[in-house]
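Here's the structure, in structure tokens; my notes come after.
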Amino acid sequence: MRSPVLPLTWHLARSSGRRGVQSQLLAAGAAAVGSFLLLLMIAASLGAGTRADHTTWRTPDAVPAKEATAVQATTTTYVRHQPVTVVNLARLPGREPTPAPPGLSGFPEQGRVYVSPALAKLMHKLPASQLADRFPRTTSYGTIATAGLASPDELVAVVGRAPGDTTVSQAAGSRTSTTTG
């Protein structure tokens, strides 16, 4: 059975004259703008949640020292006025294995360096003295996958350190969070 709603709506729109058509167009336009704003707010909310999920691992909750499996110190350095987040991780000896952070293939061993794709491009572009020398020398860098990045153009490095390394031990005494598996 065919619904009479559309033919009736079309008949009323045509018979209401110019003023009626203008009113209906304005109402339709207002509904479209309202719907667009609603969808935009939903998308922004979902995007912010996903971005937060991708970067939460960089600021783990503090746990008692006897339960910790790793020590983490996060710092920021700058290259050409752009922030580079450097996450230093050290696995504590004699503890349970620590899971790999999101975007990494495994927990970084001492001396292993993972970089975001954007940071890798920048490292190839700039002289070593301006950027690459800030990280331990290595034959190859690992890549941080999308799951560990807030955005594709984010500059992030993850460096595996020894538990006694001053980079993580000084921070452990002051403000560094420890992680559990």
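Determine if region 36-47 includes at least one residue that is surrounded by fewer than 16 Cβ atoms within 10 Å (Cβ to Cβ) and touching a residue at least 40 places away in the same chain (Cβ under 8 Å). Checked region 36-47: no residue is surrounded by fewer than 16 Cβ atoms within 10 Å (Cβ to Cβ) and touching a residue at least 40 places away in the same chain (Cβ under 8 Å). Evaluation of R112 against the conditions (1) at pLDDT below 90; (2) basic (K, R); (3) in contact with a strand residue (DSSP E or B) (Cβ under 6 Å, 6 or more places away or on another chain) shows that the sole unmet condition is (1).
Output the residue which, of all residues in region 59-74 that are closer than 20 Å to V156 by Cα and modelled with pLDDT of 75 or more, is surrounded by the fewest Cβ atoms within 10 Å (Cβ to Cβ). It comes out as T59. Scanning region 146-165 for residues that are part of a loop (DSSP other than H, G, I, E, B) and either surrounded by 15 or more Cβ atoms within 10 Å (Cβ to Cβ) or in contact with a strand residue (DSSP E or B) (Cβ under 6 Å, 6 or more places away or on another chain) (or both) yields a count of 7. Taking every residue in region 99-115 that is more than 14 Å from T55 (Cα to Cα) and pairing it with any residue that is polar (S, T, N, Q) and not in a loop (DSSP other than H, G, I, E, B), at least 6 positions away or on another chain, the pairs with Cβ-Cβ distances below 9 Å are P99/T179; S105/T143; Y114/T143; V115/T143.
Among the residues of region 141-155, those identified as within 8 Å of S116 (Cβ to Cβ) and either over 10 Å from the mean Cα position of the chain (by Cα) or aromatic (F, W, Y) (or both) are T143, I144, L155. Of the set (1) in contact (Cβ under 8 Å) with a residue 12 or more places away in the chain; (2) assigned to a strand (DSSP E or B), all apply to P60 but (2).
Could you tell me whether P93 is assigned to a loop (DSSP other than H, G, I, E, B), in contact (Cβ under 8 Å) with a residue 12 or more places away in the chain, more than 20 Å from A147 (Cα to Cα) and in the same structural domain as Q130 (by TED's automatic domain parsing)?
Yes.
The residue that is surrounded by the fewest Cβ atoms within 10 Å (Cβ to Cβ), counting only those in region 96-127 that are assigned to a loop (DSSP other than H, G, I, E, B), among the small types (G, A, S) and within 18 Å of the chain's Cα centre (by Cα), is S105.
The values are calculated or read from the model by the stated rules, or taken from the named source; none is laboratory data. Computed from a predicted structure; not experimentally measured. Note that we place each Cβ from the backbone using ideal geometry, even for glycine, and neighbour counts take in every protein chain shown.
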